[in-house]
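The values are calculated or read from the model by the stated rules, or taken from the named source; none is laboratory data. Keep in mind the model is a prediction, meaning the values are calculated, not measured. Here Cβ is always computed from backbone atoms with ideal geometry, including for glycine, and neighbour counts include all displayed protein chains.
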Amino acid sequence: MKHTVFIDGREGTAGLKIFDRFAARDDIELLNISEEERKNVKSRLTLMAEAEIVFLCLPDDASREIVAAADAADCKARIIDASTAFRTSPEWVYGLPELTPGQRNAIATATRVAAPGCHPTGFILIARPLIETGVLGDDYPFSCHSVTGYSGGGKGMIAEYERRNDIGAPRQYGLSQKHKHLPEFESFSGARAPVLFNPVVSSYYSGMLVSVPLHRRLFRKKTRLRELYELFAAYYRGCPLVKAIEPGRESDDGFLAADAMAGRDSLEILFYGRDDYIMIAARYDNLGKGASGAAIQCMNLMLGLPEEHGLVI
């Protein structure tokens, strides 16, 4: 059986990645739109109405516009939006299946799903279990350091990095603490206190490393490094795309490479440091579990398929 899918915005970074993943699948029939019609709202709505699943891989405002047009036309399309536009909207389901035990079912039955942002994915998958299990209180003063490849900035940043030869050093950004992903951090991690966020873009294409430092003296449950690994391994047991890695096995040479998961759709959680000062990191591809892979994972659930179907683990 083939499932019909329409990608609105296939020319963008996320859309191209989704399209590439579908190239190896014989259960997906893509509904195509001509170059001349790709900005024609009526033509797009026609294809949306024909598709079982619609991916919106558009800028925020463009996503809002086509969703408003679909609602006005009473279009019943099941939509997965890859932009920031609806991630904290109560009318949309947040597309992170590992968020809570009931999140998979919420996604599977939803008509509107907002795929998570790349930075929040790693932070939420680290912070949420710590708060849910009572290791940390929701008032813990979290900070988050995130290193990403330049593809995370979309077509404009990709063009900049590939055009220029004078960008060598990593560049910190979001300096005003007003990064557009922060509402996701605070809406879905369980953290009540504001998160101090330090994003860094570096001169490699894809892959990211999101690290959260922890002071054990501030723990509510005095859990040690090995016990944290065991807690996460149990918390994400049965999650095919998220795996806790045993401490001491995260690297061979004392380094963590942020691009080690490039080209994959899974995510690994790493534990290092010492019992008093612990670092938990999530390593994954910003274009995989941080974007397109997560969107396809949601689609699989919405179609009643295994969530890892067609993904690179």
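Some values worked out for this structure:
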| quantity | calculated |
| --- | --- |
| Every residue from the range 263-304 that is out of contact with any Asp or Glu (no Cβ under 8 Å at 6 or more places or on another chain), within 20 Å of ILE79 (Cβ to Cβ) and part of a loop (DSSP other than H, G, I, E, B) | GLY304 |
| Check on TYR161, among the aromatic types (Phe, Trp, Tyr), under 30 Å from VAL67 (Cβ atoms) and more than 14 Å from the chain's Cα centre (by Cα) | no |
| Which listed residue is part of a helix (DSSP H, G or I), free of Cβ contacts under 8 Å to residues at least 60 places away in the same chain and hydrophobic (A, V, I, L, M, F, W, C), from VAL67, VAL54 | VAL67 |
| Any hit, the range 281-289, residues being out of contact with any Leu (no Cβ under 9 Å at 6 or more places or on another chain), of a type outside the set (Asp, Glu) and surrounded by 13 or more Cβ atoms within 10 Å (Cβ to Cβ) | yes |
| Residue ID - surrounded by the fewest Cβ atoms within 10 Å (Cβ to Cβ), chosen from residues in the range 73-94 that are at pLDDT 95 or above and more than 16 Å from the chain's Cα centre (by Cα) | PRO90 |
| The range 42-70: number of residues that are farther than 21 Å from ASN300 by Cβ, exposed (fewer than 14 other Cβ atoms within 10 Å of the Cβ) and more than 26 Å from the chain's Cα centre (by Cα) | 1 |
| Filter result for ILE107 (in the same structural domain as GLY238 (by TED's automatic domain parsing), of a type outside the set (Ser, Thr, Tyr), in contact (Cβ under 8 Å) with a residue 24 or more places away in the chain and part of a helix (DSSP H, G or I)) | no |
| Those residues of the range 77-94 which are aromatic (Phe, Trp, Tyr) and farther than 15 Å from ASP61 by Cα, in sequence order | TRP92, TYR94 |
| Positions within the range 6-43 being under 26 Å from CYS118 (Cβ atoms), of a type outside the set (Phe, Trp, Tyr) and out of contact with any helix residue (DSSP H, G or I) (no Cβ under 7 Å at 6 or more places or on another chain), in sequence order | GLU11, GLY15, LEU16, ASP20, ALA23, ALA24, ARG25, ARG38 |
